[in-house]
Each structure stands twice: as C-alpha cells, then as structure tokens.
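Chemist: Pasting a structure below so you can have a look.
The values are calculated or read from the model by the stated rules, or taken from the named source; none is laboratory data. Since this is a predicted model, take the numbers as computed values, not measurements. Reconstructed Cβ throughout: ideal geometry from the backbone, glycine too, with neighbour counts over all protein chains shown. What goes into the accessible areas is simple: the full protein's heavy atoms, side chains included, and nothing from ligands, DNA or RNA. Shrake-Rupley method; radii C 1.70, N 1.55, O 1.52, S 1.80 Å.
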Amino acid sequence: MADSDPLLAVDDLRVSFATRGGPLAAVRGVSFTLAAGECLAIVGESGSGKSVTARALVGLVGAGAAVSARRLELAGQDLLALGERDWRRVRGRRVGLVLQDALSSLDPVRTVGAEIAETLGNHRLVPRSARPARAVELLAEASVPEPALRARQRPFELSGGLRQRALIASALAGEPAVLLADEPTTALDVSVQAQILDLLAARRADGVAILLISHDLAVVGRLADRVAVMYAGTIVEEGGVDDLLRSPRHPYTRELLAAVPSAHARGTRLAVHRDAAAAPAVAAPDAAGCRYAARCPLAEDRCRMADPPAIDVGHPAPGAGLSADVPRPAAVDLGLPAVEKGPPAAAAGPARGGGTAAAAVAHRAWCWRIDEPWPAPPAGPARGRVQHADDVVIEVDTVWKSFRGPDGSRRPAVRGVSFQLRVGETVGLLGESGSGKSTTAEMVLGLLEPDEGAVLLRGRPWSRLGESARRPDRHRIQLVPQDPLGAFDPRYTVERLIGEALRAPGRRAAARQRGRIVELLGLVGLDASVLPRRATQLSGGQRQRVAIARALAPEPDVLVCDEPVSALDVSIQAQILDVFADVQDALGVAMLFISHDLGVIYHTCDRVLVMRDGELLEQGDVERVLRAPAHDYTRALLAAVPRLGPATGQVPAGSGAGDAAPADGLGVGSNVGFGVGSGVGPRR
Amino acid sequence: MRSTTWWLARRLALAVLVVVGAATVAFGALQLVPGDPVHVMMGGAAPSEEVYERTRHELGYDQPLPVRYGEFLGQLLRGDLGQSYQLHQPVADVIGSQLWPTVQLALAAFGLAFVVAAALAVTTAGRRSGWRRVASAAELLMISTPGFWVGVLLLTFFSFRLHLFPVAGGDSLAGLVLPAATLAIGLIGVFAQVMREGLERALEQPFVLSARARGTGETAVRLRHALRHALIPMVTLSGWIVGSLLGGAVLIETIFSREGLGRITATAIAGRDLPLVTGVAVVAATIFALLNIAVDLLYRVIDPRMKEVVR
C-alpha cells in the first residue's frame with residue numbers, strides 16, 4: 001500500500017467493561033487506519049461498539065473499561081502509553097470529537113463562544129484576551145451567520161443546524177488532525193443534515209481526517225471514502241464506500257441495506273425477520289463463531305464453530321453491468337445513487353483522499369458465505385392498495401391554529417390545512433421540525449381545538465365538542481408515540497399496559513383479558529413471554545411493538561403515528577414498518593403517519609401531505625408527489641436527501657459459489673454518477 | 001430584559017399579597033384566642049373599671065371588628081406591628097433589634113455549610129474511592145446527630161476546656177463561631193448529598209463528554225461545567241433552609257445564650273404575647289416571600305433557559 005505512515009493506526013483494538021456479570025466485551029479486535037484528508041465511516045446499530053471505538057481514540061471510554069490493542073498510534077505516537085495528563089494534550093488539539101445532538105453536547109448554561117474558547121484556553125493556543133474574537137472567527141469558518149451575535153448566545157437559543165455548527169467549531173478550534181464525528185447529523189432535518197455534511201466535507205478537503213460514526217447508510221454514502229461495518233464489536237465488512245454500498249457481501253451489510261426503506265422496497269417487506277426475537281447486536285458472552293450467525297439467514301454450521309477469516313471480495317470490474325435477472329426496483333430515481341459528495345467522486349478518481357489510493361481500498365468481508373444469494377425478502381402482505389372504499393374516516397376542513405409566542409404575539413402554527421383520511425389508507429405527513437405537523441396531529445387526536453375550521457370523525461363533528469361528548473369516541477383514534485419509553489408507566493408490566501387500553505385497568509383485570517392481550521401481541525410479532533416485563537426490560541423495537549399493540553387494543557379506526565420509527569436503528573425500523581403494514585393488512589385501520597423521513601413515508605404511505613411553516617404545500621399520491629413533485633419545496637427536500645446506492649442487498653442470482661468474481665451492481669440505470677476508478681481488484 | 005422586569009413586578013405584587021394574607025390569618029387567630037386581651041395586657045391584677053376602659057380604648061378594642069382590621073392593616077403598611085404586651089415596647093423595635101443577630105447566625109451557618117459541602121461534593125462525586133465512602137459516612141453522621149448535642153459538645157470542648165471561644169452571648173465574631181458551626185454541621189450532610197447527586201447527574205451529560213474531549217481537565221470540568229448544574233436543586237433547598245434559619249434557631253440560641261428571633265418568639269409564645277407572635281409571623285412571611293423571589297431570580301441567573309419557562 002502506498003500509505004506508509006497512516007495518521008491513525010488501530011490494530012486489534014479491544015475494549016471491555018467490567019459489569020456485575022463479569023467483563024463485557026464491547027469492542028473485540030477492531031483494526032483500521034486513517035490518513036489525512038480521508039473519511040472512514042464505521043456503521044452499525046446501537047450496541048455494535050462503534051461509539052466505544054471512537055471514544056477509545058480520545059481515551060474517554062470511561063472508568064471501569066479495559067482498553068488494549070496491538071497498536072494504537074496517532075502520527076507515530078503510541079496512545080496506549082499516555083497518562084491522563086498526556087491524553088488531555090491530545091484531546092481537542094490533535095483529535096476532536098463531535099457528538100450528536102448539540103443541544104445536550106454543548107453546556108446549556110454557557111454561551112457558545114465560551115465553549116469554543118474553552119478549547120483555545122485548554123491548549124493555550126490564543127492569549128486569553130484574544131479568545132473571544134478567535135471564537136467568533138471559528139464560528140464564521142463553520143459558516144455560522146452573524147457569528148459575533150451567535151457567540152454570545154446559548155445553545156437553546158440557536159436552531160439545530162447552527163448549534164451543530166457551533167459544536168463542530170468547538171471541536172475544530174484546536175485544529176486537530178483527526179475529527180471523530182459520532183452521529184453528527186442524527187436528529188437533524190434533511191436539509192440541515194445536508195449542510196452539516198457539506199461542512200464536514202469541506203474540512204476533509206482541508207486535510208482533516210474524519211472518522212464518521214453512523215447508523216445511517218445514506219449519510220455514510222455522502223461523506224465517507226471507506227466504510228467499515230461493525231456488528232457485535234467486530235468489523236464484519238470493509239471496503240470503498242461505492243463498492244461496499246453497491247455490492248455488499250456480508251449478510252449483515254446486506255440486511256442493513258435491504259432494511260433501508262428506499263423506493264425500491266416499496267410494497268415488499270423490509271426485514272428478514274418478522275418477529276422481534278432476532279438476536280440483538282449487543283456482544284454476547286464469548287462464544288465461538290460469527291456473532292451474526294444467530295440472525296443470519298445464510299448461516300451454516302461452520303459459522304457457529306469458528307470465527308470466519310477475512311475474505312477478499314475483490315473489485316468490481318469497471319462498467320460491469322448488472323445481471324439481468326436481478327430484480328430491479330421500480331422507482332429507480334428515488335433509491336438511486338447520486339451520492340453527492342463535495343468533489344464528484346469520479347473526478348477525484350483513485351487519487352482522492354490525499355494519497356490513499358481509492359483503487360487500492362480492499363473490499364473484505366469476514367464471512368464464508370459472501371457468495372450465497374440473498375434469500376428473497378418474504379413476500380409482503382398483499383397490499384391491495386385499491387381496497388379503500390371511499391369511506392372517509394377523518395375529514396380535516398381548513399383548520400387554523402396559532403399559539404402565543406414569548407413576546408405575546410400570535411404565531412400561526414397551522415394555516416388552513418385540509419385533508420381526508422379514508423378507511424384502510426395511510427396518509428403521510430411530511431415536514432421538517434416546526435412545520436406544524438405535530439400540531440395538526442394533535443387536532444386530529446382531539447387534544448387541541450382548532451381556532452378556525454373543523455375536524456370531522458366519520459362525518460360527525462369531532463372538534464368543538466365538550467370532552468364528555470368526545471369521550472365515547474376517543475377509542476376510535478389512537479396514538480403511536482415516538483418514544484414509548486416515555487409514554488409507558490415504568491412500573492407497569494406489558495400485560496397491564498395493554499390491559500389498561502382494553503378498559504381493564506389494574507393487574508387482576510388485565511390478567512382476565514390475557515387471551516385478548518396475547519392475541520394483540522401476536523399481531524405485532526410478540527409472544528406471551530413479554531407479558532410480565534416492564535418497559536425498561538424491553539428492547540427499543542419490542543417497546544414500539546407493544547406501543548402499537550396498545551394502540552390497537554380499543555379497536556380504533558385511526559392510528560396517528562408520530563415519528564414512530566425515527567429513534568430506531570435501521571434494521572429495527574424495517575421490522576416496525578413491516579409490522580405497520582401487517583397490521584393495516586389485517587385490520588384495515590387508517591393511519592396518519594408523521595415523519596420527516598422521505599424514505600419511510602414513501603415506503604409506508606399511500607398518499608402524502610407536505611407541510612412547511614404551517615401550510616399544506618402539496619398533497620397527493622405518494623408516487624406522484626415524491627417522483628414528480630409540484631412544489632419547489634418538495635423538490636428541495638428530495639434533493640437534500642443523501643442517496644444510497646441501489647441497496648437491494650442482493651448478490652446477483654447468477655453468481656454461484658463457483659464463480660466468485662462478483663458482477664456487482666455498478667452502472668445501474670441512467671444514473672451512473674460515478675465509477676469506482678479503474679482499479680480492477682485482485683480476484684480470488 | 002423587559003420580560004424580567006415584568007416578571008419581577010408581578011412576583012413582588014404577589015409577595016405583598018402573601019404577607020397581607022399571613023397578617024390577616026394572624027389577626028384572625030388573635031380574635032379567636034379565648035380571654036380578654038386587655039386583661040392579658042394589664043397583667044394578673046384586676047384593674048379598676050375606669051383603668052380597664054381607658055386601656056381598652058387606647059388599644060382600640062372598643063371599635064367593631066372590621067374597623068380594627070382596617071386599622072391593623074393600616075398600621076402594618078406603616079410598619080407598625082403594635083405593642084408587645086410583655087416587653088411594653090413596639091413590636092417592630094423588638095423584632096428589629098433581634099433580627100440582626102439572627103441574620104448573622106443564619107448566614108454564617110449557611111455559608112459555612114455550603115462551602116464545606118461543595119468541597120466534599122466536588123472532590124468525591126462520581127468517584128468510587130474509599131475517600132468517598134468515608135465522606136458519605138461522615139455526612140450521614142452529621143445529619144443524624146442532634147444539633148443541641150453537638151452544641152453542648154462544642155461548648156464543652158472549645159469553650160470550657162480550651163477557652164478558645166466565649167461560653168455565652170457575645171456580639172463578637174468569636175461568639176458567632178460555635179453556634180454557626182453547630183448549625184452548619186446539621187446542614188453539611190444534606191447539602192453535600194444534594195450537590196453530589198446533582199454533580200453526578202451533570203457529569204453523565206453529553207456536554208461533559210464534549211468538554212473532556214476538548215482537553216478540559218477534571219477539576220475544570222467539575223467547577224466550570226458540572227457545579228453550575230448541581231446548584232439548581234441546591235438553590236431550591238437553600239431558600240427553604242435560610243428561611244427556617246431566619247425564623248430562628250431556638251435551641252442553638254438558647255444553648256449559646258444568644259439574642260435572636262428564635263428566643264423572643266419562644267418567650268412570646270410562652271407568655272401569650274400575641275402582638276409579638278403576630279409580628280414575628282408577619283416578618284417570617286415577608287422573609288419567605290422575598291427568599292422565594294430571590295431563589296427564582298437565582299434560577300434564572302444560573303440557568304438562562306429558565307427565563308423561557310418560569311413565568
């Protein structure tokens with residue numbers, strides 16, 4: 001390899017935490033290198049050890065953690081030998097860390113300027129008197145408008161995007177050579193997300209090495225040069241970003257990509273597993289064999305016996321077409337590449353990344369079964385999307401709602417919104433934060449009264465009713481919350497939680513309804529074993545399933561789902577979206593589905609409403625609106641979405657075990673934005 | 001800025017209402033007490049009819065109730081709290097002369113407890129060391145030891161044995177040390193535990209990780225970032241504690257033979273000196289109302305986010 005001396009070299013990194021049940025290995029032998037001006041992404045779900053890996057690089061894994069490695073070097077310096085005092089000189093000065101959610105990652109009671117100046121002060125980079133001015137400069141460099149004003153403000157006074165820029169400015173204030181970005185765009189609206197990714201890309205172009213930690217493959221595709229996929233504390237596959245996202249070989253990577261609800265998966269199931277029982281990614285006690293085997297549809301006996309070795313996948317031949325027999329997604333333009341990176345990848349070619357020849361990036365997977373064809377996704381429920389009778393359940397008729405702002409003026413939150421929701425139909429409500437989508441939902445739920453206009457339930461007035469008149473019909477509209485953990489009483493068992501919704505409050509009453517409760521759990525892919533558990537003893541996916549079961553208990557006509565999957569890992573999200581499809585198929589319930597995620601909306605909904613600043617900009621059939629948007633804003637939203645490759649997660653069916661040379665999915669459709677250089681990788 | 005001024009004006013108006021309410025309740029209670037206040041006022045001996053009537057008139061007890069209530073409120077607004085039956089002095093003067101020693105004692109005790117507790121909390125929060133365990137045990141001991149016993153112990157040792165501090169009374173600083181220390185010892189344990197819990201919660205926040213990742217040292221992380229967040233619950237507690245201390249620490253004042261509100265209140269209650277009891281009640285209500293405003297103001301200074309929330 002050309003890079004003789006990488007900036008950051010990690011070899012066989014291991015981190016374990018002391019727990020009551022003995023040491024728990026969070027990272028088990030991770031190796032990678034990072035060169036200046038390069039971005040390596042580590043992808044995985046929660047519990048995979050990706051954040052712990054990043055924190056080990058700044059010596060902040062926490063007390064009670066044991067870190068070891070064969071090699072852990074930053075520009076030739078052995079990080080393992082550092083004491084606490086030496087670490088402090090590394091943190092912020094040579095390695096910067098950006099966390100997700102700047103609202104909690106910046107001290108809420110201090111000004112943004114003070115936070116940035118702290119880095120300067122810690123490393124005595126600028127004399128005390130000059131620090132405030134330098135902080136303003138750094139904010140300006142992070143493209144923060146009115147930096148002098150912003151420096152005097154506190155995080156809660158800034159918008160999400162500005163806050164995140166300020167956090168990045170504070171991490172870069174010491175001009176570190178390496179930036180660790182741990183989910184830097186999670187929880188941001190897509191357009192803001194795009195801006196932050198551009199900012200990071202600009203820093204990379206300046207020569208900063210970026211280690212990007214993310215669970216979002218689309219974000220990774222936009223910024224990274226190379227990708228390492230982590231599962232249960234080990235890297236299971238690594239390779240160049242285009243290569244890996246276009247032709248994933250490890251079953252886990254394929255599962256991840258298949259789980260992305262991009263256009264191509266519409267009408268099909270997303271998840272391999274229907275039930276929540278699938279093994280978690282959290283590292284299990286030291287058992288031999290591939291950790292993914294328990295979840296892997298391709299696993300065979302030897303996978304469970306011994307750790308699979310790294311197998312070189314090789315490089316796809318340039319311009320290699322896709323086998324004809326691979327089913328192509330229908331909505332090609334939605335799920336398609338356009339992996340828009342700062343400088344077009346094709347132009348930068350193999351030379352991109354300051355010396356790291358992109359062509360030399362090995363694509364390897366730790367798996368014996370990389371050439372097995374991926375099982376066809378289980379057939380989705382026959383979503384007869386023609387089924388809806390013209391039976392309007394909810395009619396929202398020109399509703400207006402405004403709230404009094406802190407200065408006493410009235411601020412409109414919803415302005416003249418009208419739509420209908422029919423039996424068995426899913427309507428998506430798409431908008432960024434502050435667009436009025438939650439206010440609209442609250443009016444539909446009958447929790448807020450519109451100032452003007454009306455909401456009708458089955459043709460009868462629903463708004464402007466006294467609570468006693470509304471109560472008999474309350475069960476007809478149920479809410480599936482974003483965060484069920486906050487919505488459940490933590491002392492209640494699952495049985496009680498659902499029993500309560502069945503009008504059987506209390507432990508004993510719920511026990512008498514057990515049959516019905518188990519039936520409801522069955523609808524959402526859970527079994528009776530979860531009955532005695534409390535919310536904190538459930539995984540995120542199980543919790544959301546219970547929330548859905550609880551919402552279904554009173555046999556509602558309408559489910560209002562408020563960002564129900566936005567806090568979940570992509571593979572869990574896939575399962576939950578499948579549950580929604582199943583539930584609708586079985587019960588014909590109408591759904592109002594609020595989300596900021598276009599992919600989720602496209603996959604789930606029949607029709608979509610696009611909202612901004614309280615106004616309904618556009619509504620119509622989801623195919624029409626997202627494929628041929630009529631409004632500029634919808635177009636802008638679509639353009640801001642980081643795109644993924646064709647993400648079918650399928651190895652061409654034609655490539656049998658004998659012929660390992662992958663004819664990978666390059667040059668798909670008309671949208672060949674780039675090619676992966678000219679390097680013909682070593683073939684096995 | 002404008003919103004803060006408005007907020008303050010509203011809170012002050014509310015405070016006036018609270019004080020007037022407290023005074024009204026005290027006035028009402030006074031009317032319900034059995035026995036003729038004039039008789040109580042004049043002592044045990046049976047006065048002549050003429051003297052009785054004159055005193056009754058002087059005190060205004062021949063007026064109908066609403067008139068007397070109006071006069072009571074009018075006097076209150078002028079700062080006149082009436083005349084003490086026992087001391088034959090204006091209540092306002094009595095309280096005025098006793099307030100300062102009490103304020104001295106309360107603030108000294110509070111300050112001492114705060115500083116020691118903050119030091120304990122900052123050095124031991126989040127550390128699983130033996131030192132932390134020792135500190136926790138000492139705090140528990142301090143919480144559970146009765147103040148009067150500590151006071152007697154301190155007196156015995158430092159005053160009688162070592163002659164370092166005066167045994168009784170004394171307006172001097174030296175006279176303040178032992179009573180303040182006695183009161184503080186009871187508070188240190190509570191303060192330290194509240195602050196440590198606040199610190200430990202703050203130290204788990206992502207912004208602390210961010211600060212550490214900038215190369216900020218452990219002491220700076222604790223003092224610059226975490227401590228401020230730990231002060232919020234502490235301020236809530238302080239408002240209440242300082243209020244109670246100002247209401248008088250009867251036992252401590254008695255043990256150390258100090259002047260103060262606590263002692264005169266105890267004496268007034270025992271002697272049925274109702275105007276003085278009423279006066280103390282009104283003063284205590286005023287102190288609590290003002291402290292509450294101060295606490296809410298402090299919240300807004302410590303955590304600017306509160307400006308958006310506290311209305």
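Chemist: Out of all the residues in the stretch A:397-442, which are open to solvent by less than 20 Å² (accessible area, probe 1.4 Å), farther than 16 Å from A:Ile594 by Cα and aromatic (Phe, Trp, Tyr)?
Modeler: none
Chemist: Of all residues in the stretch A:33-51 being open to solvent by 30 Å² or more (accessible area, probe 1.4 Å) and either modelled with pLDDT of 90 or more or hydroxyl-bearing (Ser, Thr, Tyr) (or both), which is nearest to B:Arg212 (Cα to Cα)?
Modeler: Filtering the stretch A:33-51 for residues that are open to solvent by 30 Å² or more (accessible area, probe 1.4 Å) and either modelled with pLDDT of 90 or more or hydroxyl-bearing (Ser, Thr, Tyr) (or both), the one nearest to B:Arg212 (Cα to Cα) comes out as A:Ser51.
Chemist: I need a count of the residues in the stretch B:195-211 that are within 15 Å of A:Ala102 (Cα to Cα), assigned to a helix (DSSP H, G or I) and open to solvent by 40 Å² or more (accessible area, probe 1.4 Å).
Modeler: Number satisfying all stated conditions: 1.
Chemist: Quick one: B:Ser159 ticks every box in (1) touching a Phe, Trp or Tyr at 6+ places or on another chain (Cβ under 7 Å); (2) assigned to a helix (DSSP H, G or I); (3) closer than 17 Å to B:Leu112 by Cβ; (4) not β-branched (Val, Ile, Thr) except a single one, so which number is it?
Modeler: Among (1) touching a Phe, Trp or Tyr at 6+ places or on another chain (Cβ under 7 Å); (2) assigned to a helix (DSSP H, G or I); (3) closer than 17 Å to B:Leu112 by Cβ; (4) not β-branched (Val, Ile, Thr), the lone unmet condition for B:Ser159 is (3).
Chemist: Which residues, taken from the stretch A:450-460, are open to solvent by 10 Å² or more (accessible area, probe 1.4 Å) and in contact with a strand residue (DSSP E or B) (Cβ under 8 Å, 6 or more places away or on another chain)?
Modeler: A:Asp451, A:Glu452, A:Gly453, A:Ala454, A:Leu456, A:Arg458, A:Gly459
Chemist: Looking only at helices (runs of 4 or more DSSP H) that fall completely inside the stretch A:502-590, which ones have 2 or more residues that are of a type in the set (A, V, I, L, M) and under 18 Å from the mean Cα position of the chain (by Cα)?
Modeler: The qualifying helices (runs of 4 or more DSSP H) are A:570-587.
Chemist: Same structure, new question: Quick one: which helices (runs of 4 or more DSSP H) lie wholly within the stretch A:105-173 and hold at least 3 residues that are within 9 Å of another protein chain (Cβ to nearest Cβ)?
Modeler: A:112-122, A:160-172
Chemist: Taking the options B:Ala284, B:Ala294, B:Ala289, name whichever one is more than 14 Å from every other protein chain (Cβ to nearest Cβ), surrounded by fewer than 18 Cβ atoms within 10 Å (Cβ to Cβ), assigned to a helix (DSSP H, G or I) and of a type in the set (Gly, Ala, Ser).
Modeler: B:Ala294
Chemist: Going by the conditions given, is B:Ser144 of a type outside the set (Lys, Arg), more than 20 Å from the chain's Cα centre (by Cα), closer than 27 Å to B:Val221 by Cα and exposed (fewer than 12 other Cβ atoms within 10 Å of the Cβ)?
Modeler: no
Chemist: With A:Ser105, A:Ser159, A:Ser68, A:Ser143 as the choices, which residue is open to solvent by less than 30 Å² (accessible area, probe 1.4 Å) and polar (S, T, N, Q)?
Modeler: That would be A:Ser105, the only listed residue that is open to solvent by less than 30 Å² (accessible area, probe 1.4 Å) and polar (S, T, N, Q).
Chemist: Among the residues of the stretch A:605-620, what is the count of those that are in contact (Cβ under 8 Å) with a residue 24 or more places away in the chain, of a type in the set (D, E, K, R), in contact with a strand residue (DSSP E or B) (Cβ under 7 Å, 6 or more places away or on another chain) and in a strand (DSSP E or B)?
Modeler: 2
Here is a yes/no grid of residues against (1) hydroxyl-bearing (Ser, Thr, Tyr); (2) within 14 Å of another protein chain (Cβ to nearest Cβ); (3) closer than 30 Å to A:Gly113 by Cα:
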position: B:Ser144; (1), (2), (3): yes, no, no
position: B:Leu178; (1), (2), (3): no, no, no
position: B:Leu187; (1), (2), (3): no, no, no
position: B:Met195; (1), (2), (3): no, no, yes
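Chemist: Here's another thing I want to ask about it. Only one of these conditions is not met by A:Gln482: (1) in contact (Cβ under 8 Å) with a residue 24 or more places away in the chain; (2) open to solvent by less than 60 Å² (accessible area, probe 1.4 Å); (3) out of contact with any helix residue (DSSP H, G or I) (no Cβ under 8 Å at 6 or more places or on another chain). Which number is it?
Modeler: Just one mismatch for A:Gln482, condition (2).
Chemist: Within the stretch A:174-197, take every residue that is charged (D, E, K, R) and part of a loop (DSSP other than H, G, I, E, B) and give me the one that is nearest to the chain's Cα centre (by Cα).
Modeler: Among them, the one singled out is A:Glu183.
Chemist: Of all residues being in contact (Cβ under 8 Å) with a residue 60 or more places away in the chain and more than 11 Å from chain A (Cβ to nearest Cβ) in the stretch B:220-233, which is nearest to the chain's Cα centre (by Cα)? Just the residue, please.
Modeler: In this case the residue turns out to be B:Ala230.
Chemist: All but one of (1) in a helix (DSSP H, G or I); (2) open to solvent by less than 40 Å² (accessible area, probe 1.4 Å) hold for B:Thr216, so report the exception by its number.
Modeler: (1)
Chemist: Name the pairs whose Cβ atoms lie under 6 Å apart, with the first residue in the stretch A:67-84 and of a type in the set (A, V, I, L, M, F, W, C), the second open to solvent by 70 Å² or more (accessible area, probe 1.4 Å), and 6 or more positions between them or separate chains?
Modeler: A:Leu72/A:Leu80
Chemist: Could we say that B:Ser257 is of a type in the set (Ser, Thr, Tyr) and within 30 Å of B:Arg201 (Cα to Cα) here?
Modeler: So B:Ser257 fails the test.
Chemist: Being more than 14 Å from every other protein chain (Cβ to nearest Cβ) and free of Cβ contacts under 8 Å to residues at least 24 places away in the same chain: is that true of B:Ser257 here?
Modeler: Spelling it out, it is not the case that B:Ser257 is more than 14 Å from every other protein chain (Cβ to nearest Cβ) and free of Cβ contacts under 8 Å to residues at least 24 places away in the same chain.
Chemist: Follow-up. Return a yes/no flag: does the stretch B:52-61 have any residue that is within 32 Å of the chain's Cα centre (by Cα) and either open to solvent by less than 60 Å² (accessible area, probe 1.4 Å) or within 30 Å of B:Leu176 (Cα to Cα) (or both).
Modeler: No, the stretch B:52-61 has no match at all.
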